Amino acid sequence: MTELRESLIRKRYAAERRFRIYGASALVLTAVFLALLLASIISQAVPAFTEKTVVLDVMIDPAEADPANPAAGNYDGMVKAALKQVLPDARNRAERKALNGLLSSGAGDELRRMVIADPALIGQTVTLPVLLSADATLYLKGLQARVAVSAGAAPVAIAPAEGGEGLILTGPGVSTEPGLSPGQIVMSGSAALRITAVESGTASAEALTPIDASLSALTPGTWKTLSFSAPEADRRTSDLQATWLEQLKDAGRIETGFAWRFFTAGDSREPELAGIRGALVGSLLTVAVALALALPLGVAAAIYLEQFAPKNRLTDLIEVNINNLAAVPSIIFGLLGLAVFLNFFGMPRSAPVVGGLVLALLVLPTIIIASRAALKAVPPSITEAALGVGASHQQAVFHHVLPLALPGIMTGTILGLARAFGETAPLLMIGMVAFIADVPHGFTDAATVLPVQVFLWSDLPELAFKNKTAAAIIVLLAVLFVLNAAAIYLRRRFERRW
Amino acid sequence: MNAAVPYQTVVTPASPRIMAERPMKITARGVDVYYGDKHAINQLSIDIPDRAVSAFIGPSGCGKSTFLRAINRMNDTIPSCRVTGDIVIDGDDIYDSKLDVVQLRARVGMVFQKPNPFPKAIYENVAYGPRIHGMAKNKAELDVIVEQSLRKAGLWEEVKDRLAHPGTGLSGGQQQRLCIARAIAVNPEVILMDEPCSALDPIATAKIEELIDELRQNYCIVIVTHSMQQAARVSQLTAFFHLGTLVEYGDTDEMFTAPQEKRTQDYITGRFG
Amino acid sequence: MFLWAIVLAVLMASGAFLAGRRHALALAVAGEARLHSLPSYHGLLLGAAALIGGLALAIVAGLLLGPQSPLTPAAAVLGAVAAAIPLYRRSSVDFRARNAFERVVMLVLLACSAVAVLTTIGIVFSVLFETLVFFRSVSPIEFLFGLHWSPTGTPPSFGFVPLLAGTFLITLIAILVAGPLGLLSAIYMAEYAGSQLRGVLKPLLEILAGIPTVVLGFFAALLVAPLIRGTGESMGLAVASESALAAGLVMGMMIVPLISSLSDDIINAVPQSLRDGSYALGATKSETIRRVVIPAALPGIVSAFMLAISRAVGETMIVVMAAGLAANLTANPLAAVTTITVQIATLLVGDQEFDSPKTLSAFALGFVLFFFTLILNYIALRIVQKYREQYD
C-alpha cells in the first residue's frame, strides 16, 4: 500500500501540532503563575520599605526629663507638644486626639535614644524627624485612598452663610474646571474648608480649621482642592487629618526615608513600628540548632547505611523508616514535638531549642538521602586502594571517601536547611505563634521564626501589615535564594564527575 | 533494464543479470552522512533490487547501519546527523523536503538489532501500525491484518491462543518475529533489518533466516549483518563497506568465492574486522 | 545544669584522650615491641569511653532527678572516670585499641541511623497514645462517621466526615490542576524542548518548588481568592471569600513541580528502543508519546500522582491561609470548606489545656493523616517496584 489517505495524514499532523502546543502552554501557564506571584508580592512589599517622618523642633523640657534617669522622660508628650506648635488649630478634645493620631505611638523613641546617649540635651531644642503613624504614612504614600490635588485656577469669594453656620463660596472658581464638588476640601494657607453642597455656581462649605474672618477671597494660585476617591467614613484618615498632613507637606516638613526600622526592630502591634529582627534572630537560632543536630546525625547515618550496614532486617527497617519519614507531612512532626518535647520532656514552649529539634527531625531524612547519594558516587576503587595499603575499612571511609563526598553532602545539607528555613506548620504546633516583641537572646528564650511572622502578620487586617507581610516574604525569598545559589555554586565548583 | 550508471565501486560480472531480472527498488547516488564533524558515509552510490535480499557486511563502525538508517530517515531522530546526496525509492526522492516522513516509514519498515516489542499485548503490538495509519475500517479487518502479519512472520501458530499476553513475555526469537510481524502489518515495500539475529540463539536465528527467505518473494529486504555466513546463506547481493565507503558490491556467491578487491578479500578471510 | 554536665563530660573526655595517648607513647618507648595501634587510637578510645560514660550517667541522673539537679554534672564526671579507668588499665602494647575504638564508632553510627526508627516510633506512639486517650471520651464510630464537626461548640461534636470531604474536594481540585499541567510540562521538556530551553525551564520549576507554602498561602489570600470571588460574582454565582477553588488552585500549582520532575525522570527512563520501534512504523512524535511512551511510563506516573496527592493532603499553610474553618459537607468548589490539616493547626495553636477532648481530637486527626499518607506512599512504592521489570 503506497498511498495513504491525505486527509488522515493531515489530521495526524494537526494532532501533532496541537499536542506540542498543549505542552508548551502548560509551561507558559506555570511561568505566568510564578510571574504573577512575584509581581503581586513585590508590589505589595515596596511601600513597606519606606517610612515617612515629620521634621519637628522638639523642646526637651527639663520638667519632663530627668538627667539622672533619662529613659523615664515623657518624650511622647514632648513630641506631641512640638507638633501642636506647628499645627495649633485643634479646637477640641476629639481634634487633639486626631492630631496626636498623626504620630506613631512610638514617636518619642528616637528622642529617648538621643537623650539617653547624651543627657546634656535636656533643656535644649532639638530638630529631628519623628515617625508618623501607619495611617498617616499610608495616606502620604497614596495607598489609603487616592487623593487628587488641583490648584485653584480661578478666583473664589467667601462669605459667611445666612444664619451664621458655614460659608458660601461664589465666583468663577466654583464652576470653572476643575470646579468644586461635595466632599472636597479647599485649602489656602492654614485655612481649610469642606464643601458640603454645590448648586448652580454656589458652593456651601463648613470650616475644618478656624477660618480667619478676614479671609474673604481666594485668588488663583493661593488655593487648592483635595478630592478623595472614597468618602471620609470609608477612610482611616479624616478630612481634618488629611488637611494637616497636606499642610505639613506644603511646609516641607515631611521626609521619606528607607525603613531601616524594618530590619532593626522586633514585632509590634503598631504596623509602623514592626520589624523582622526578632523573627530573623529566631530563625537563625532555630536553624542553627537544626543544623547542629541534623548534619552529624544525618552524615553518620548515611555513612553507616552506605558503607557498613550488613544486609539484614534491621538495615531494611532503618531504610524503610527513612524513606517513610521523608514523605510524612510536616505538621505531624509538629505534633511529635508538642507531645514529646513540650509535654513529656517539659521543654520551654516556643524556644529555638524545641523548634530546632523538630526541624532537625524533619530534614534528617533529606540529609541522609542526599549524603548517601554523595557517598555512593565515590568510586569503590578509592576504598579498594586505601584497603590495599593496609587501612581499616573505617579509616578508608573517614580518611578517603568522606572528604571526596563532602561537596555533595554540603549541597544536600544546604538544600535541607533552605527547606527548614521556610517551614511553618510544625513550628506553629510547638507554640512559636505567640506575639513576641523582644528579640530572643538565647536558645531557650521564646522566639518566632520568619515564616511564622509572615503568617501572623498576614492575619492582621491593617493594610500596613499587608505591606509588611509582603516585605517579610521578600526577605524570606531572598534568604532562600542565597542558600540555593550557594548550593548550586558548590555543586558546580566542587562536585566531581567520576 | 535500468540504464547503466557510473559506479564508483567494482561490480562483479554476474550482477548485471540479477539487476536485469528484478526492478530497482532503492537507488542511492553520492550520499554523504555526517554526525557533527564525523564523516560517516562517503559518496555512496548503490542500486538495490526489489524482491531480493541485499546484505551489507563490513567491520564495526564502517557505516552499514548508518546507511541503513538513512534509507528510512531514522537518522532524523539524531539532531547532529546530516545527509546529503540522493536516495530514491521507486522514483521518489526520499530526502525531498515535501516528502512526508511518516508515510515513508510506513513504506520502509525496520527491524532492530535488539527485539523491541512494545510492552503491550501481542495483538496490540501488531495492530499499532495499522491503527495509526487507518488501514482498517473496523475490528474485523484489523483482526485479519494481525492474523496475516503473524502468519507471514511464522508466529501465528505459537501465539494465536495468547494474543492478549504481553509481547515482552515471549522468548527472544519470538519477540524478533513479533517485531517482523509488526513491521509487515503496515504493508511496507521494503524491510530493513539491522543485525536482526545478533541477540538470538542459533535455533532462533535459523528460524528467522528461513523467514527472510520466504519474505524476499514479496518484499525488498536489506539486511545488515556481522556474520558473513549469514550473508552467504541468506542474501542474493552483498555490499562490503569499509570506513564509510562502499568497497565492493555484487552477487553474493561471486563476492565470497572470488572477490575483486583486496580489502574485500582480507575481510572475508578474516584478516581484519 | 544539664549544659554543665555536657561540658564537663567533654572536658573529661579530652583529658582521657590526652592521658591515654601519653600512656601509650610511654609504653612504646619503654617496651621493645611495636604498638599494635597508634597512640592516638589509645587516646581516642579512652576519650570516647569517657564521653559516653559521662553522658550516659548524666542522662540517667537527669531522668531520675530532673535536668536542673546539680547532681547531673557530678554524675557526668563519675561516669567518665568509671568508664575510662578500666580501659586505661588494659592499655598495653598488644592491646588492639584501634579495633576497640572502631567498634565504638560503629555503634555510634548505628545509633545515629536508628534515630530514624526512633522518630517513627516517637511519632506513632505519641500520636497513637493521645488518640487512644481521645477515644476514651469520644467514640471512634462518632469520630469516623459523624457528619458534624464542631469541637468548640456546645456540645462539641467530633464528626470527621466534613473534614474528609473538604480535604478530598481541595485535593481533587489541586490534582485536576497539577496533573495535566505537570504531566504536559514533563512531556514537553523530555520530548520536545531543546537543551537550551530545558536549561531555562527546569530552573523555573525548581524555583516554584522552592517557594515556601506560607508565601503561596499569602498569595492565595491576597490575589487568587478575591479574583475568583470577583469573577464568580460578576457571573452571578455566589462565591465564598475563602473558596475551596482558590485554595485548590494554588495548592495545585504547588505540586506541579513535583509531578513534573517525577514524570520527567520516568519518561526519560523509557528506553529509546521503544520510541525507535514506533517511529520506524511511521508514527508521529505525538502518537509515539501518547500510545507508546506514556503507557510504558504509566505505573511510574500513577506513582507520581499518588505521591502528589499525599503531599496535597498533608499540606497545611496554604489551606490555613486560604481555606476556611467552616466544616461544610459540600461538593461545591465555590464554597468554603475546611481540611484535616487546618483543623489540626487551629485546635493546637494557642493556650489550651492539653488533655481536653478538643486538643486530643487534633491528635486523632493527626493519626488519621499519618496513616493515610503512609498507605498512599506505600502503594506508590509498590506500584513502581511491581512494574519495574517490564522492560529490563
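Structural remarks
- Any hit, the stretch A:372-381, residues being surrounded by fewer than 23 Cβ atoms within 10 Å (Cβ to Cβ), within 9 Å of chain C (Cβ to nearest Cβ) and without any contact (Cβ under 8 Å) to a residue 24 or more places away in the chain: no
- Sole exception among (1) assigned to a helix (DSSP H, G or I); (2) farther than 27 Å from residue A:276 by Cβ; (3) more than 12 Å from chain C (Cβ to nearest Cβ) for residue A:48, by number: (2)
- Looking only at the stretch B:103-156, and only at residues there that are in contact with a strand residue (DSSP E or B) (Cβ under 8 Å, 6 or more places away or on another chain) and small (Gly, Ala, Ser), the one that is nearest to the other protein chains (Cβ to nearest Cβ): B:109
- A single member of C:184, C:172 is farther than 29 Å from residue A:342 by Cβ, free of Cβ contacts under 8 Å to residues at least 60 places away in the same chain, of a type in the set (A, V, I, L, M, F, W, C) and part of a helix (DSSP H, G or I), and it is C:184.
- The sole residue among B:128, B:123 that is free of Cβ contacts under 8 Å to residues at least 60 places away in the same chain and in contact with a Phe, Trp or Tyr (Cβ under 8 Å, 6 or more places away or on another chain) is B:128.
- Some residue of the stretch A:225-240 being of a type in the set (Lys, Arg), in a loop (DSSP other than H, G, I, E, B) and surrounded by 14 or more Cβ atoms within 10 Å (Cβ to Cβ): yes
- Counting residues in the stretch B:259-273 that are under 20 Å from residue B:47 (Cβ atoms) and among the hydrophobic types (A, V, I, L, M, F, W, C) gives zero.
- Within the stretch A:202-221, being under 13 Å from residue A:181 (Cβ atoms) and in a loop (DSSP other than H, G, I, E, B) holds for no residue.
- Residue list for the stretch C:192-204, restricted to those being touching a Ser or Thr at 6+ places or on another chain (Cβ under 9 Å) and more than 7 Å from chain A (Cβ to nearest Cβ): C:202
- All of (1) without any contact (Cβ under 8 Å) to a residue 40 or more places away in the chain; (2) over 27 Å from residue A:280 (Cα atoms); (3) under 36 Å from the mean Cα position of the chain (by Cα); (4) more than 7 Å from chain C (Cβ to nearest Cβ) hold for residue A:346 with one exception: (2).
- Within the stretch C:148-161, residues that are surrounded by fewer than 19 Cβ atoms within 10 Å (Cβ to Cβ) have Cβ atoms under 8 Å from residues that are modelled with pLDDT under 80 and not in a strand (DSSP E or B) in these pairs: C:156/C:357, counting only partners at least 6 apart in sequence or on another chain.
- Residue check for residue A:279: within 14 Å of chain C (Cβ to nearest Cβ), closer than 30 Å to residue A:468 by Cβ and touching a helix residue (DSSP H, G or I) at 6+ places or on another chain (Cβ under 8 Å): yes
- The strands (runs of 3 or more DSSP E) found entirely in the stretch B:165-259 that carry 1 or more residues being over 16 Å from the mean Cα position of the chain (by Cα) are B:237-242, B:245-251.
- Checklist (1) within 11 Å of chain C (Cβ to nearest Cβ); (2) buried (at least 23 other Cβ atoms within 10 Å of the Cβ) applied to residue B:168, failing item: (2)
- The stretch B:226-273: number of residues that are in contact with an Asp or Glu (Cβ under 7 Å, 6 or more places away or on another chain) and either farther than 25 Å from residue B:206 by Cα or among the hydroxyl-bearing types (Ser, Thr, Tyr) (or both): 7
- Any chance residue A:451 is more than 12 Å from every other protein chain (Cβ to nearest Cβ) and buried (at least 22 other Cβ atoms within 10 Å of the Cβ): no
- Checking each residue in the stretch A:439-465 for being of a type in the set (S, T, N, Q) and more than 22 Å from residue A:419 (Cα to Cα) picks out only A:444.
- Tallying residues that are more than 8 Å from chain C (Cβ to nearest Cβ), surrounded by 13 or more Cβ atoms within 10 Å (Cβ to Cβ) and not hydrophobic (A, V, I, L, M, F, W, C) within the stretch A:299-317 yields 3.
- Matching entry among A:159, A:94, A:192 (being loosely packed, with under 13 Cβ neighbours inside 10 Å and assigned to a strand (DSSP E or B)): A:159
- Neighbours by Cβ (under 6 Å, 6+ apart or cross-chain): first from the stretch C:99-118, under 15 Å from residue A:307 (Cβ atoms); second of a type in the set (Ser, Thr, Tyr) and assigned to a helix (DSSP H, G or I): C:109/A:304; C:110/A:304; C:113/A:304
- The test for being in a strand (DSSP E or B) and either under 24 Å from residue A:133 (Cβ atoms) or touching a residue at least 60 places away in the same chain (Cβ under 8 Å) (or both) does not hold for residue A:198.
- Every residue from the stretch A:218-261 that is among the hydroxyl-bearing types (Ser, Thr, Tyr) and touching a strand residue (DSSP E or B) at 6+ places or on another chain (Cβ under 6 Å): A:222, A:225, A:227, A:243, A:256
- Filter result for the condition that a residue is under 22 Å from residue A:478 (Cα atoms) and in a helix (DSSP H, G or I), over A:291, A:297, A:305: A:291
- The criterion of being outside the structural domain of residue A:403 (by TED's automatic domain parsing), buried (at least 22 other Cβ atoms within 10 Å of the Cβ) and under 25 Å from the mean Cα position of the chain (by Cα) holds for residue A:271.
- Residue that is over 23 Å from residue A:367 (Cα atoms) and facing chain A (nearest Cβ under 10 Å), where the choices are C:129, C:135, C:160: C:129
- Candidates C:189, C:235, filtered to the one that is more than 30 Å from residue A:449 (Cα to Cα), more than 9 Å from every other protein chain (Cβ to nearest Cβ) and not hydroxyl-bearing (Ser, Thr, Tyr): C:235
The values are calculated or read from the model by the stated rules, or taken from the named source; none is laboratory data. From a predicted model like this one, the values you see are computed outputs, not experimental measurements. All Cβ positions, even for glycine, are placed from backbone atoms using ideal geometry, and neighbour counts span all protein chains on display.
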